[in-house]
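Visitor: Quick one: structure below, then a few questions.
Every number here is computed from the coordinates shown, using simple stated rules; none is lab data. The structure presented is a predicted model; accordingly, all values stated were derived computationally and were not measured. A quick note on method: Cβ atoms are made from the backbone with ideal geometry, for glycine too, and the neighbour counts reach across all protein chains shown.
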Amino acid sequence: MRVNAFVMLAAVAASSYACNNNSAPLAPAQTVSASPTLSTPTPQSPVGGQTIASLSATLTASAATSDVASYVPQYRFQLFNAANALVQDSGLVTAPSWTTTATLTPNSQHTWKVRAESQGFFGAWSGAATFMTPDPPPAYRGTIGNWQACAGRVATDLVTCVWDTIHPADSVGDLEVSKRVAWLLRGDGAGLLIKNSGDNVVIWQGYSFSASRICFADGHIFKIIGDAGPGGANTPGFSDNGFVDLSLYVPAIDPSKP
C-alpha cells in the first residue's frame, strides 16, 4: 500500500513537470506606430496688411517638419474675409504655398492661416496673417466699333478685325478683344481662360480672366494679344498656346454684359 502511494505521488509530480514545460509559445510582439509631432508653419507672404497686386493671392509659409520620417507634412490653408468668415479652404497641398482659386473681394482685408497635416494627424494652426486686396480694375473707357461685322473670319484675320474696332492699350482693352473673339467663335466652343494670378488679369463677371488668351472646350488655348498690358504693343495674333485643365475654361459670355 505504501509503494502504491509512492508510485502515485511520483506520477503526479511528473505530470505537473510536463505541464509546466509545455506551455503555449508566446505571441510575437506587435509593432506600435509612433504618433508624429508636426511643427507649425510660419506665414511668410503676404503678411502685415500689405496690399497685393491682384484679386488673387499666393499664400506662402515656411516648411513644416515631422519627427517621424514616414509622416511627410502636407499643408492646409484657410482664408477669411473682413467679417472673419471662411471663404476658401485649400484642402491638402504638398507644398507650403497655395494660390487662391476664386476672385477675392476688392479693397478689403483678408486673413489667413496654415497648418501641417499627415495621414490623419495635424499640427497646430499658425498665427493669423493679413493682407489687403487692391481696387478692382477699371472698366474699359474707349470706343468700341462694329465688331459684329467680323463674324465669319478666322484666326488672325478675325482677331485683327476685332482689334481694329477697339485698339486696346492695356489689359482691360485686351480683354474686350478676347471677349468678342470668343463670342464670335462660341459655335466652335470658344470661351475665356481663368487666370488667378500674374500679369494681364482682369476681373469680369466674377472671374479672373486672362486678358490676352482665349480657351476652347477641350482646354486648348490660343494667345490672341501679343506684348499685352500697359505700355505694351498689344498686337493682334492667333498662336497656339498649349492646353490647360478644363476647370480653367469658361464658355463665351455675351460681351454686352457689364
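Visitor: Compute the Cα gyration tensor for the chain, then decide on rounded, prolate or oblate, letting a ≥ b ≥ c be the square roots of its eigenvalues: rounded whenever a/c is under 1.5, prolate when a/b is larger than b/c in the other cases, and oblate in all that remain.
Guide: Values: a/c = 5.35, a/b = 2.93, b/c = 1.82.
Judged from the Cα gyration tensor, the chain comes out prolate (a/c at least 1.5, a/b above b/c).
Visitor: Here is a further query. Taking the number of other C-beta atoms within 10 Å as the exposure measure, put Ile194, Ile52 in order starting with the fewest. Please report the intermediate quantities before stating the final value.
Guide: Numbers: Ile194 21, Ile52 18.
Listed from fewest to most nearby Cβ atoms, that is Ile52, Ile194.
Visitor: Of Phe122, Phe243, Cys150, which is farthest along the charge dipole of the chain in the positive direction, counting Lys and Arg as +1 and Asp and Glu as -1 at C-beta?
Guide: Among Phe122, Phe243, Cys150, the one farthest towards the positive end of the dipole of the chain is Phe122.
Visitor: For Thr94 and Phe243, calculate 0.36 nm times their separation in residues minus their Cα-Cα distance, and state this gained length in nm to one decimal.
Guide: Numbers: separation 149, 0.36 × 149 = 53.64 nm, distance 2.32 nm.
Full-extension gain reported as 51.3 nm.
Visitor: Right, here's the next one. May I ask you to compute the full-extension gain from Gln44 to Phe122, defined as 0.36 nm times their residue separation minus their alpha-carbon distance, rounded to one decimal in nm?
Guide: Values: separation 78, 0.36 × 78 = 28.08 nm, distance 2.00 nm.
Result: 26.1 nm gained on full extension.
Visitor: Sticking with this one: For a quick check: sort Tyr75, Tyr207 by the number of other beta carbons within 10 angstrom, fewest at the front.
Guide: Details: Tyr75 24, Tyr207 18.
Listed from fewest to most nearby Cβ atoms, that is Tyr207, Tyr75.
Visitor: May I pose another question? Given +1 on the Cβ of Lys and Arg, -1 on the Cβ of Asp and Glu, and no further charges, what dipole in debye does the chain carry about its Cα centre, rounded to the nearest 20?
Guide: With only Lys, Arg, Asp and Glu charged at Cβ, the dipole is about 780 debye.
Visitor: Would you mind working out the magnitude of the charge dipole of region 33-164 relative to its Cα centre, with +1 at each Lys and Arg C-beta and -1 at each Asp and Glu C-beta, to the nearest 20 Debye?
Guide: On the way: 5 positive and 6 negative charges, 24 e Å.
Roughly 120 debye, rounded to the nearest 20.
Visitor: Would you mind estimating how fast region 43-132 diffuses translationally, via Stokes-Einstein at 4 °C and 1.567 mPa s with the Kirkwood radius over Cα pairs, in µm²/s?
Guide: On the way: Rh = 13.4 Å.
My calculation gives 97 µm²/s for D.
Visitor: What distance in nm lies between label points placed 7 Å from Cα along the C-beta direction at Ala53 and Lys257?
Guide: Here the answer is 2.8 nm between the modelled labels.
Visitor: Got a sec? How would Glu117, Glu176 order by Cβ neighbour count within 10 Å, fewest to most? Display every interim value, and only then the final one.
Guide: Numbers: Glu117 16, Glu176 24.
Lowest to highest Cβ neighbour count: Glu117, Glu176.
Visitor: Further question: If r is the Cβ-Cβ distance from Thr143 to Arg186 and R0 is 25 Å, what FRET efficiency results, to the nearest 0.05? Mind showing how you got there, number by number?
Guide: Details: r = 24 Å, r/R0 = 0.96.
Working from the Cβ atoms, E equals 0.55.
Visitor: On to the next question. 222 nm [θ] for the chain, helices only, -39500 (n - 2.57) per DSSP H run of 4+, per residue, to 500? Present the calculation step by step, with values, prior to reporting the outcome.
Guide: Values: 3 runs with 45 residues, N = 258.
About -5500 deg cm²/dmol.
Visitor: Follow-up question, since we're still on this one. What FRET efficiency would be calculated for the residue pair Ser35, Ser197, taking the C-beta separation as r and a Förster radius of 30 Å, to the nearest 0.05? Present the calculation step by step, with values, prior to reporting the outcome.
Guide: Numbers: r = 37 Å, r/R0 = 1.23.
The value I calculate is 0.20.
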